[in-house]
Amino acid sequence: MTFDYKLKLENASQLVIVSKNKPFLVGKEMSDIEILENGTIIINNDGIIHDIGSSKEMEEKYNGKTFENIIDCNGRAVLPGFVDGHTHPVFSGDRVHEFAMKLAGATYLEVQKAGGGITFTVNHTRNSTEQELYDLLIPRLDRMLKSGTTLIEAKSGYGLETETEMKMLKVLHNAAKKHPVEIVSTYLGGHSIPKGSTAHEATQDIINKQLPELKRLKDAGEISPSNIDVFLEKGFFEYEDTKKILEAGKQLGLELNFHGDELSYMKSGELAGELGARAISHLEKVSEEGMKTMAATPTFAVLLPTTAYILRLECPPARRMIELGVPVALGSDFNPNAHCLSMPFVMNLACVLMKMNMNEALVAATINAAASINKSSTHGSLEVGKFADFVILNSSKWEHIIYELVDPPISHVVKKGSLVFSNKDC
Ligand SMILES: N=CN[C@@H](CCC(=O)O)C(=O)O
Ligand SMILES: [Zn+2]
C-alpha cells in the first residue's frame, strides 16, 4: 500500500523550530529560539519535512490524505534531533580504573604519563579487529539514539599509525550505512605521539603515509572522512607540527576541526584564523585574541563540558564567546575518559557549569553543532526541506529535556521520518 505521506506528528504542545533560514546563530540570537505552540508537522515519503503549521490549519489542509504513521503529540514537545559535535566512539579497552585514579587526585597528564589515557586505548584498539570495534560501536550508537542524538561527528585517533587509523575510519563508514545515527567522520591520526616516536617523526608519518592512504581509501569509497583533527597541546602536537598536518589535510579537501587550548594556551584561535578552520574543540585556555579571531573567521567553538566536569578543570569562557559573537556548539566528547553518550546531560552541564541559558544550550546542541560539521542546511532545526529527525518529549514544555537530569522523558526518537526509538514508559 502506498501513502501520500510517511508521517504526521499532530497536535504537539510545542514544535521547537529553533531558527529559520539561518545556517547558525551567534550572540543574542542564541537566546531567541522559535517555537510554534500547538503545531503539526508533515513528513514526505523521503523522510523530509514537507510542511509545518498550526494544528488547525494542517488538519484542514491535509484532510483526506493518507499517512503511513501518525503520532499524537498532544501534551508533548517536539525538538530537532540532537547533533553531537565531538565524539571518539570507536575504541576498545575499559578505563574505569583511571576514573578511580582521577578521583584520588591524578591529573589527565599524570594518567597519560603513567602509560594510561590515550596510550592505553591505542594499545587496545590496535589489538582489536575491525569487526570487534564495529560490535563495540553499535550499542554506543544505540545509547546515543535513545538520548535523542541523531547526528554525530566521530573521530578516529586511537591508532596513530596507518593501519589502525584506517581500520577505525572503515568502522565508522560501515556503521553509518547500517545505523540510524548519522555519522560525519574525522581523521585524527594526530591525537598523540606514538610510543618510540618524536613529534617530528609522527608528523612526517601522518603527512607522508597516513594521509596518502586516507586519500586512496576515500577515493575507493571505503572510508568517508570529511574533517581532519589534531590534538594541539604541549607534549602532543605543538603549533608548527599541527599547522603542517592541518595544511596537508586541507590540500586533500578535508575541513579543519581540531582540539585546542585544552590544558594549555596554544594559540588555537589564532591558528584557526590563519588556516580558515571550521571548528576548534575544548578551548578551556583560549585567549581573548583567539576568541576575537574565531568570531571574525568564523570558527565554531565546540565546547565539551564533560571534560571540565570529569577532570575538575576550569570551564571554557562560554559567556565571553557568546558576547564576542563566536558561534558556539556543544559535544559530548564521548571517549574512555569522559564516558558520556547523552546530549541532554551535556546541555545541563553547559547551563550549570558554563552559565549558558537553556535556549543557548539547545541552539548549541542542534543548529550550531550541525553547522560545525557543515550539516546545517539539512539538520539542526525544524524547517521544511530538512531531514525529519525529531525528539518527542513527554512534557508540554521543551525545557524539561535539560531540566530533568539523567533520564528526561524522551518518548520517541524519529530519524528521517522513521520511528527509531520509543519508550514504553512515557
Ligand atoms: N583531549 C584529547 N582527546 C580526548 C580525550 C581522549 C582520551 O582521553 O582518550 C578529549 O577530547 O577529551
Ligand atoms: Zn576529543
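If packing is taken as the average count of other Cβ atoms within 10 Å, what order do 91-97, 413-419 fall into, highest mean first? Walk me through the intermediate numbers first.
Numbers: 91-97: 15.7, 413-419: 21.0.
Final packing ranking: 413-419, 91-97.
When DSSP beta bridges are limited to those with both residues in the chain, what percentage is antiparallel, rounded to the nearest 5? Let's see the in-between values first.
Working: 26 of 61 bridges.
Just about 45 percent of them are antiparallel.
To the nearest 20 debye, what is the magnitude of the charge dipole of the stretch 277-324 about its Cα centre, counting +1 on the Cβ of each Lys and Arg and -1 on the Cβ of each Asp and Glu? If you can, show how the numbers build up before the last one.
Details: 6 positive and 5 negative charges, 19 e Å.
For this selection, approximately 100 debye.
With a 1.4 Å probe and all protein chains left in place, how much of the accessible area of the chain comes from carbon and sulfur atoms, in whole percent?
Working: 8120 of 16430 Å².
Carbon and sulfur atoms account for 49 percent of the accessible area of the chain.
Restricting everything to alpha-carbon atoms, can you work out Rg to Rh for the stretch 361-426 with a Kirkwood hydrodynamic radius?
Details: Rg = 12.7 Å, Rh = 12.8 Å.
Radius of gyration relative to Kirkwood radius: 0.99.
Place +1 on the Cβ of every Lys and Arg and -1 on the Cβ of every Asp and Glu in the stretch 164-246, take the dipole about the Cα centre, and give the residue among Pro212, Val230, Leu172 whose Cα lies farthest towards its positive end.
The one lying farthest along the dipole's positive direction is Leu172.
Compute the convex hull volume of the Cα atoms of the stretch 157-275, divide it by the residue count, and report the result per residue in Å³ as a whole number. Numbers along the way, then the final one.
Working: hull volume 11.9 nm³, N = 119.
That works out to 100 Å³ per residue.
At what distance in nm do the modelled label points of Glu29 and Met101 sit from each other, each positioned 7 Å from its Cα along Cα→Cβ?
According to this spin-label approximation, the distance is 4.4 nm.
Which three extents, in whole angstrom, do the alpha-carbon atoms of the chain cover along their principal axes, largest first?
Per principal axis, max minus min of the Cα coordinates gives 69, 45, 42 Å.
Using a Gaussian network model of the chain whose springs link C-alpha atoms within less than 10 Å, name the residue from Leu36, Leu246, Leu382 with the highest mean-square fluctuation.
Largest GNM mean-square fluctuation: Leu36.
Computed FRET efficiency, Cβ-Cβ of Ala220 and Asp135, R0 25 Å: what is it to the nearest 0.05?
Numbers: r = 24 Å, r/R0 = 0.96.
About 0.55, to the nearest 0.05.
Which of the aspartates and glutamates could a cross-linker bridge to Lys386, judged by Cα under 12 Å and excluding same-chain residues fewer than eight apart?
Correct list for Lys386: Asp46, Asp51.
Can you give the FRET efficiency to the nearest 0.05 for Ile70 and Lys209, using r as the Cβ-Cβ distance and R₀ = 41 Å? Numbers along the way, then the final one.
Details: r = 54 Å, r/R0 = 1.32.
The pair Ile70/Lys209 has a calculated efficiency of 0.15.
For Arg143 and Glu201, what does the FRET efficiency come to when R0 = 45 Å and r is the distance between their Cβ atoms, rounded to the nearest 0.05? Intermediate values should be presented prior to the final figure.
On the way: r = 38 Å, r/R0 = 0.84.
For R0 = 45 Å, the calculated efficiency reads 0.75.
Under a crude label model (7 Å from the Cα following the beta-carbon direction), how far is Lys234 from Asn45 in nanometres?
Computed distance between label sites Lys234 and Asn45 equals 6.2 nm.
Give the Kirkwood hydrodynamic radius (Å, one decimal) of the stretch 251-351, defined as one over the mean of 1/r across all pairs of different Cα atoms.
Kirkwood radius, the stretch 251-351: 13.5 Å.
Grab the DSSP H runs of the chain that are 4 residues or longer, score each as -39,500 (n - 2.57), total them, divide by all residues and round the 222 nm result to the nearest 500 deg cm²/dmol. Could you put the intermediate results ahead of the total?
On the way: 17 runs with 154 residues, N = 426.
Helix contribution divided over all residues of the chain: -10000 deg cm²/dmol.
Using a probe radius of 1.4 Å on heavy atoms only, what accessible surface per residue do you get for the chain? Whole Å² is fine. Intermediate results must be reported in sequence, preceding the final value.
Numbers: 16430 Å² over 426 residues.
Per residue, the chain has an accessible area of 39 Å².
Pulled fully out, how much extra length does the chain show between Arg319 and Asn123, if you take 0.36 nm times their separation in residues and subtract their Cα-Cα distance? Write down the numbers at each step before the final one.
Numbers: separation 196, 0.36 × 196 = 70.56 nm, distance 3.86 nm.
Net length gain for the segment: 66.7 nm.
So how strong a dipole does the chain carry about its Cα centre when Lys and Arg Cβ are +1 and Asp and Glu Cβ are -1, to the nearest 20 debye? All intermediate terms of the calculation are to be shown ahead of the outcome.
Values: 44 positive and 55 negative charges, 48 e Å.
My answer is approximately 220 debye.
The values are calculated or read from the model by the stated rules, or taken from the named source; none is laboratory data. What you are looking at is a predicted structure, and each value in this text was computed from that prediction instead of being measured. Here Cβ is always computed from backbone atoms with ideal geometry, including for glycine, and neighbour counts include all displayed protein chains. Protein only, heavy atoms only, side chains kept; ligands, DNA and RNA dropped before computing areas. Shrake-Rupley method; radii C 1.70, N 1.55, O 1.52, S 1.80 Å.
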